[in-house]
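A.B. asks: Take this structure first; my questions come after.
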Amino acid sequence: MLHPVITEKKTNNPLGFSFNPAYFTDYQIDKITLTHKVFIMSTRRPIKQIISQGVISFFILLWVYAATAKLLEFDQFKVQLSQVSFLKPMAGILVYIIPLVEYSLAGLLLVSKTRSMGLLGSALVMSVFTAYIAGMISFSPDLPCSCGGIINNFTWQQHLIFNLLFTALAITGVYYRSSTNPPHS
């Protein structure tokens, strides 16, 4: 016969999470006591809000990484952009605008009052980048990717899948953010 005894410790942290770091459950089975420890984090937030925060975190990392990689490999980024025929006239300005937009999106996502705008911007920019990659696959599959960092090593098809997933993730973030934070009237 099982007789569970549960002991619970709760601590609060300033980020709004309530941690239940240790649940001790003792089961007594015919004079044998089994103890196991289970770690549980109780957020007291709806799952949509947790997903929204996860998406925001992913995009902050993505935008900072992508912009920094482009700036660290600036000359290569500039040459690769100028190799694309329809971007060539704008390549001189795009090498500055693209990292600036990426850093700006990360900044918008960091500030709670501008997160919705940052998610919308992320969805829009990811859609534009995805359309660009689809065009590159169709018209110039032999040109190198001008993305920088580890993403630069992807094939165009791998990059398209990556962008489609992140575009869907951004749209999911927009949806969950709007459903958990309705506009103020």
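The values are calculated or read from the model by the stated rules, or taken from the named source; none is laboratory data. Here the structure is a predicted model, which means the values were calculated and not measured. Because the Cβ atoms are built from the backbone with ideal geometry, glycine has one as well, and the counts that use them run over all protein chains shown. All accessible areas refer to the heavy atoms of the entire protein, side chains included, with ligands and DNA or RNA removed. Shrake-Rupley method; radii C 1.70, N 1.55, O 1.52, S 1.80 Å.
A.B. asks: Specify the inter-centroid distance of segment 48-101 and segment 150-179, based on alpha-carbon positions, in whole Å.
C.D. replies: 14 Å
A.B. asks: Under 14 Å from the Cβ of GLY173, count the other residues' Cβ atoms, weight Lys and Arg +1, Asp and Glu -1, and hand me the total. Write down the numbers at each step before the final one.
C.D. replies: Working: positive: LYS48, ARG115, ARG177; negative: none.
Around GLY173, the surrounding residues sum to +3.
A.B. asks: Using a 1.4 angstrom probe on the protein heavy atoms only, could you order GLU102, GLU73 from most to least accessible area? Write out the running numbers ahead of the final one.
C.D. replies: Details: GLU102 0, GLU73 70 Å².
The ranking, largest first, comes out as GLU73, GLU102.
A.B. asks: Another one. Residues of segment 76-185: accessible area per residue at 1.4 Å, in Å²? Walk me through the intermediate numbers first.
C.D. replies: Values: 6200 Å² over 110 residues.
Accessible area per residue: 56 Å².
A.B. asks: Here's another thing I want to ask about it. Please give the contour-minus-distance gain from LYS113 to ILE150: 0.36 nm per residue of separation, less the Cα-Cα distance, rounded to one decimal in nm. All intermediate terms of the calculation are to be shown ahead of the outcome.
C.D. replies: Values: separation 37, 0.36 × 37 = 13.32 nm, distance 3.15 nm.
Working it through step by step, the gained length comes to 10.2 nm.
A.B. asks: Let me ask something else about it. Between LEU100 and ILE47, what length in nm is gained on full extension when 0.36 nm per residue of separation is reduced by their alpha carbon distance?
C.D. replies: Numbers: separation 53, 0.36 × 53 = 19.08 nm, distance 3.22 nm.
Between LEU100 and ILE47, full extension yields an extra 15.9 nm.
A.B. asks: Order VAL55, VAL64, most accessible first, counting only protein heavy atoms with a 1.4 angstrom probe. Numbers along the way, then the final one.
C.D. replies: Working: VAL55 5, VAL64 60 Å².
Per-residue accessible area, sorted high to low, gives VAL64, VAL55.
A.B. asks: Over segment 100-185, what percent of the accessible surface lies on carbon and sulfur atoms, probe 1.4 Å? Provide the component values of the computation, followed by the final result.
C.D. replies: Numbers: 3390 of 4800 Å².
Exposed carbon and sulfur together represent 71 percent of the surface.
A.B. asks: Output the peptides 116-123, 150-157 sorted from most to least packed, where packing is the average of other Cβ atoms within 10 Å over each peptide's residues. Mind dumping the intermediate values first?
C.D. replies: Working: 116-123: 21.4, 150-157: 13.5.
Top to bottom by mean Cβ count within 10 Å: 116-123, 150-157.
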